[in-house]
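Heads up, the thing below is written out as structure tokens.
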Amino acid sequence: MRLLVVEDNEPLADVLRETLHKADFTVDRAATLAEARDSVRAARYDAIILDLMLPDGEGLDLLRDLRRSAERTPVLILSARDRVEDRVRGLDLGADDYLPKPFDVGELLARLRALLRRPAAALSSRLSFGNLAIDEGDNEVTISDRRLDLPRRERALLRLLVRRAGKPVTRDAIEEALFGFDAEVGPNAIEVYIHRLRKRLAESSATVTIQTLRGQGYALVPFGSSP
């Protein structure tokens, strides 16, 4: 899942990025309102963590723009403004949740997972294909009910492929899901992740595999399917 963190405090933004990476999220960061607007125009996010006090304006201006355009991406406000009237205003403008600073990272992750489980986020808490299943609540991957431990980006890749099971997923879509704007992506990075994940699935007796579709990308298909 890809998140946008709108936060001008660099040390805090670094903590958020590290915490969210460990929880399996791909993270982009915007330090200003202008950068945040550019980011939401350039990419699609599963959720946005939004500070209110930015160097060039208010985070609420971004929230207002999103809701006026009927964009329903979940937004969690993270702000030092902790008065009741501030929280009421943010929620009335369309925020999905409001967490005052300072905050507990465990609570932040719990609230974020709750947002992503809501129907508006169009996400199921459990994905499955063949004997493979992913519980999005705790990021657990199982094959025939046996846990499969995967590194973060391989889990993100598998989640993307399961969501579009049987359909081609382009290299661009994979790159967007696995890497943020600030990541340097090597020319063979996608192939390396595909190879590793395909091997892990085979070694775990999965009934599905990753098929390479020339000119189209990759697809998760039942093992033994013809290209």
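The values are calculated or read from the model by the stated rules, or taken from the named source; none is laboratory data. Note that the structure is a prediction, hence the values are computed from the model and not measured. Note that each Cβ is placed from the backbone with ideal geometry, even for glycine, and that neighbours are counted across all protein chains shown.
Can you find a residue that is more than 26 Å from R44 (Cα to Cα) and touching a strand residue (DSSP E or B) at 6+ places or on another chain (Cβ under 7 Å) anywhere in the range 159-177? No: zero hits.
Scan the range 103-119 and give yes if some residue there is over 17 Å from A23 (Cβ atoms), aromatic (F, W, Y) and at pLDDT 90 or above, otherwise no. No, that holds for no residue. Tell me, please, whether a residue that is without any contact (Cβ under 8 Å) to a residue 12 or more places away in the chain, within 19 Å of E176 (Cβ to Cβ) and not acidic (D, E) can be found in the range 31-41. Yes, the range 31-41 contains a residue that is without any contact (Cβ under 8 Å) to a residue 12 or more places away in the chain, within 19 Å of E176 (Cβ to Cβ) and not acidic (D, E). The helices (runs of 4 or more DSSP H) located wholly in the range 21-125 that include 1 or more residues which are farther than 21 Å from N139 by Cα occupy 33-42, 59-68, 84-92. Does L78 satisfy the condition of being crowded, with 16+ Cβ neighbours inside 10 Å and within 26 Å of L160 (Cα to Cα)? No: the conditions fail for L78. Among residues of the range 175-217 being among the β-branched types (V, I, T) and modelled with pLDDT of 90 or more, the one that is nearest to V5 (Cα to Cα) is I190.
Residues that are closer than 20 Å to A114 by Cα and of a type in the set (A, V, I, L, M) within the range 134-167 comprise I134, V141, A156, L160, listed in sequence order. Of the residues making up the range 129-149, those that are surrounded by fewer than 17 Cβ atoms within 10 Å (Cβ to Cβ) and at pLDDT 90 or above number 7.
For the range 8-20, a residue qualifies if it is in a loop (DSSP other than H, G, I, E, B) and either among the hydrophobic types (A, V, I, L, M, F, W, C) or under 21 Å from E176 (Cβ atoms) (or both), but none of them does.
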